[in-house]
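Below is one structure; the comments refer to it alone.
The values are calculated or read from the model by the stated rules, or taken from the named source; none is laboratory data. On a predicted model such as this, the values are computed, not experimentally measured, just so you know. Heads up, the Cβs are rebuilt from the backbone with ideal geometry, glycines too, and the neighbour counts pull from every protein chain shown. Surface accessibility is based on the protein's heavy atoms, side chains included, excluding ligands, DNA and RNA. Shrake-Rupley method; radii C 1.70, N 1.55, O 1.52, S 1.80 Å.
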Amino acid sequence: MDIRSHEFQPRAVAALHDTSLQQAMDKARDGFVAKRAVQVAELSEFEALREAAKTLKDHVLDHLDHYLERYEAAVVAAGGQVHWARDDAEARRIILDICKRVDARTVTKGKSMVSEEIGLNTALIDAGLTVVETDLGEYIIQLAGEAPSHIIAPAVHKTREQVSDLFEKAHGGPRLTEIADLVDAARLALRERYFQADVGITGGNFLIAETGSSLIVTNEGNGDLTQTLARVHIVTAGIERVVPTLDDATLFLRLLARSATGQETETYTTISTGPKPADDLDGPEEYHVVLVDNGRSRMLAGPFREMLRCIRCGACMNHCPVYGAIGGHAYGWVYPGPMGSVLTPLIKGLDAAYDLPNACTLNGRCASVCPVKIPLPDLLRRLRHEQFKQSITPRRKRYALGAWRLLATRPKLYHALERLAARALAAIGGHAGRIRRLPGARGWTEARDLPAPQGRTFLERWQTERGQS
Amino acid sequence: MSTAREDILDAVRRAAGREPLDSATRATLDARIAKPVRHLRPAFDEDLIARFIRKLESRSGTVARVAGRAQIPAAVETFRSAHSLAPRAAVGAGLKDLDWPADWIIHHQRAGIEETLSVSPAFAAIAETGTLMLLASPESPTTHNFVPDNQVVVLETARILRHFEDAWAALRERTGGMPRAVNLVSGPSRTADIEQTIQLGAHGPRRLHVVLVD
Ligand code: SF4
């Protein structure tokens, strides 16, 4: 998928004026937050599990090479094949080669963020394959020709009316307006596709070294139909997805559904190991795993290593006031919200996504809900710092920050200027005590008044008042 | 030219600031795989059977209890006629020996696109979340769990375990290694992808019915 993160500002403004989007976001926001809160309140071990999950993931990252090797050996022992991809282009090539070799025409897909990350759909379609997204949300946005706007609810930005329009165009009339009918229509449209599919592609929430298995969770069952009915099953997953044992995967599963959809567990958790054995009646003839690096080993080396703990639950975006206001598309690439604002610059380059780390109030809600305790605001701050160091920050802002540092490190000068400013602003504010227009800060005062200071600084008052007591 | 595999593993090692792990560390990590670490598990004192039923029903599954194996076909027949389904079913070969009604059309193959009802045996269940565990095999094909509109699962009460970890232990004890698919099923298929409204029967079964055998 092409990156458009450099258009963040105009896209964010457009999103704020998009009434359908605002309607859809209003509905979604509170649902996710409230449902998660109920689940967390019901599990007294939740906090302890977060801490344990963080520790476990750090252990895996410390020994990632060994667990990957063990995982690979177990996949091969079960009759599957493992492919390694350094970057997105290599991952696409591997998958295209498999599709060509097995003479594939139709490819069904369960939801996979890695496949979005590597731009797989476009590559498959360009190669003449029919690609069918089977997750209802993904199916909707595929019909709309859009990218997902949320990592677990890809069509969260669409209203029911918009889905009705899309389905009417794709399936023909009569126009359906009830949610039950819309879900049925998608079910019917996709049914045959599962059975026709030559290749089924899914993600992998976890890869289990103990057994050489891939594990997916879904509510719809689409991922299972995809991977059971196609002749060939291909799993795409980042290298950080490996865990040592089934028991270790369980620790994360207890956090994942609760944090993601606010469920105790998703409806289906499936552990797949190798291709169909001779006696079995169903399952794919071939089983492949594509392990994708695409910037992850680079992340592992530096100060952003903690980001690799992410289990892609989406809680950070559900609790983010900025995401809640503008939705996911403004972020301009595959991963939106707080986790996306960290990942996008790291994978696509600091300058390709300048605005993302800056579009954050550092309110900290994301870090407080993250099931693996990723300090997202710290990482965002760190990215701003890197941008400054690499001179990616716009010149005006760099000068302003430089001037600020000059002041902030000289308390005497700082306080003198502060006293001056307080008096000047009080004078501008006049009787009303409000400033309607401030030269140099028009963008701010256009939408609201600035309350004027009362003429003396906090420090001045503190000193006099303490002096009195 | 180095392979992608070598490059990635090298990069991972460089990131950790070290060479490949020494054999002592490898042995420790392998031991950790052979004998999984015991993690914190949600504590509860509820009776396992009661909890399994309560949790499954909370996600729109239904449960019928019968006294013995011989009563299974009658329980399935009750479910079938309650929903006016055709007397046709894909029955897992693990339940072949039962006395199915003579006027039913049954087969023991995978579920095809027209299948409306399947009946298969569960390997175990997990009380913690009210979850069924089915293993892919000729006795219980995976398509039975996802293709038909109506999924009936037969479960013996003795097979209801406490936590997921107990189910993994049972899986490891079984001969023949990992089955191709382990399906953990916690209700009928559902989606909330349109306006966050929960709708059953997204792609998989619209109904999930458990026949619980004492
Ligand atoms: S950063 Fe944390 S909260 Fe956000 S998706 Fe990843 S695991 Fe979930």
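For the protein assembly as shown, evaluate the Debye formula with one uniform point scatterer on each Cα (no solvent term) and list log10 I(q)/I(0) at q = 0.08, 0.11, 0.12 Å⁻¹, rounded to two decimals. Once normalised to I(0) and log-transformed, intensities are -0.65, -1.14, -1.33.
Enter the buried accessible area of the A/B pair, total of both sides, probe 1.4 Å, in Å² rounded to the nearest 100.
Answer for the A-B pair: about 7500 Å² buried.
Listed values for the stretch A:161-174 are Karplus-derived 3J(HN,Hα) couplings in whole Hz (6.51 cos²θ - 1.76 cosθ + 1.60, θ = phi - 60°), namely 4, 5, 5, 4, 4, 4, 5, 4, 5, 7, 9, x, x, x, and x replaces Gly and Pro.
With a/c under 1.5 counting as rounded, go ahead and sort the stretch B:46-213 into rounded, prolate or oblate using the C-alpha gyration tensor (a ≥ b ≥ c being the square roots of the eigenvalues; past the cut-off, prolate if a/b is larger than b/c, else oblate).
Because its axes are fairly even, with a/c under 1.5, the stretch B:46-213 counts as rounded.
The long axis of helix B:4-15 is offset from the longest Cα principal axis of chain B by roughly 60 degrees.
Rounded to the nearest 10 degrees, the angle from helix A:179-196 to the longest Cα principal axis of chain A is 50 degrees. Heavy-atom accessible area for A:Leu16, with the other protein chains in place and a 1.4 Å probe, reaches approximately 90 Å².
When a/c reaches 1.5 or more, the comparison of a/b and b/c decides; with that in mind, is the stretch A:1-110 rounded, prolate or oblate per its Cα gyration tensor? Note, shape of the stretch A:1-110 comes out oblate. Centre-to-centre separation between the Cα atoms of the stretch A:50-82 and those of the stretch A:202-249: 13 Å.
Close amide H partners of A:Val290, meaning residues 5 or more places away or on another chain with modelled amide H under 5 Å apart, are A:His83, A:Val235, A:Thr236, A:Ala237. Taking +1 at the Cβ of each Lys and Arg and -1 at the Cβ of each Asp and Glu, which of B:His39, B:Ser60, B:Leu29 sits farthest along the dipole of chain B towards its positive end, judged by Cα position relative to the Cα centre? The one lying farthest along the dipole's positive direction is B:Leu29. Backbone geometry of the stretch A:79-88 corresponds, through the Karplus equation with coefficients 6.51, -1.76 and 1.60 at θ = phi - 60°, to 3J(HN,Hα) couplings of x, x, 10, 10, 10, 10, 10, 5, 8, 4 Hz, x marking Gly and Pro.
Close amide H contacts of A:Ile435 (hydrogens built in the peptide plane, cut-off under 5 Å, sequence separation of 5 or more or a different chain): A:Leu450, A:Ala452.
Whole angstrom only: what separates the Cα centroid of the stretch B:41-100 from the Cα centroid of the stretch A:353-417? Going from one Cα centre to the other spans 58 Å.
Could you name the aspartates and glutamates in cross-link range of A:Lys54, using Cα to Cα under 16 Å and dropping any fewer than eight places away on the same chain? Here the aspartates and glutamates satisfying the reach criterion relative to A:Lys54 are A:Glu45, A:Asp62, A:Glu240, A:Asp247, A:Asp248, A:Glu306. May I ask for the angle, rounded to the nearest 10°, between helix A:337-348 and the longest principal axis of chain A, with both axes built from Cα atoms and the value confined to 0 to 90°? Helix A:337-348 sits roughly 70 degrees off the main axis of chain A. Projecting the Cα atoms of A:Val372, A:Gln454, A:His385 onto the dipole axis of chain A, where Lys and Arg carry +1 and Asp and Glu carry -1 at the beta carbon, places A:Gln454 farthest toward the positive end. Before anything else, pin down the relative contact order of the stretch A:78-220: Cα pairs under 8 Å, at least 6 apart, normalised by residue count, whole percent. About 26 percent, as a whole number.
Near B:Val154, the amide H atoms lying under 5 Å from its own belong to B:Ser120, B:Ala122, B:Val211; only residues 5 or more places off or on other chains count, and H is placed 1.01 Å from N. The listed residues A:His431, B:His209, A:His415 rank as A:His431, A:His415, B:His209 when sorted by accessible area, largest first, using a 1.4 Å probe.
Projecting the Cα atoms of A:Thr245, A:Leu190, A:Ala74 onto the charge dipole of the stretch A:5-297 (Cβ charges, centred on the Cα centre) puts A:Leu190 farthest toward the positive pole. Taking the Cα centre of the protein assembly as shown as origin and assigning +1 to Lys and Arg Cβ atoms and -1 to Asp and Glu Cβ atoms, the resulting dipole is close to 3500 debye.
Per-residue Karplus couplings for the stretch A:382-395, computed as 6.51 cos²θ - 1.76 cosθ + 1.60 with θ equal to phi - 60°, are listed in order as 5, 5, 4, 4, 4, 4, 5, 4, 8, 6, 8, 4, x, 4 Hz, Gly and Pro entered as x. Taking a straight Cα-Cα cut-off under 18 Å and skipping sequence neighbours fewer than 8 places away in the same chain, the lysines within cross-link reach of A:Lys397 are A:Lys389.
Excluding same-chain neighbours fewer than eight residues apart, the lysines reachable from A:Lys158 by a Cα-Cα span under 17 Å are A:Lys27, A:Lys169. Accessible surface of A:Glu51, taken over heavy atoms with a 1.4 Å probe and every protein chain present, rounds to 80 Å². At a Cβ-Cβ separation cutoff of 4.7 angstrom, cysteine residues of the protein assembly as shown with no neighbouring cysteine are A:Cys99, A:Cys310, A:Cys313, A:Cys320, A:Cys360, A:Cys370. Pairs exceeding 18 Å between alpha-carbon atoms, taken from A:Lys100/A:Lys348; A:Lys35/A:Lys373; A:Lys35/B:Lys55; A:Lys57/A:Lys373: A:Lys100/A:Lys348; A:Lys35/A:Lys373.
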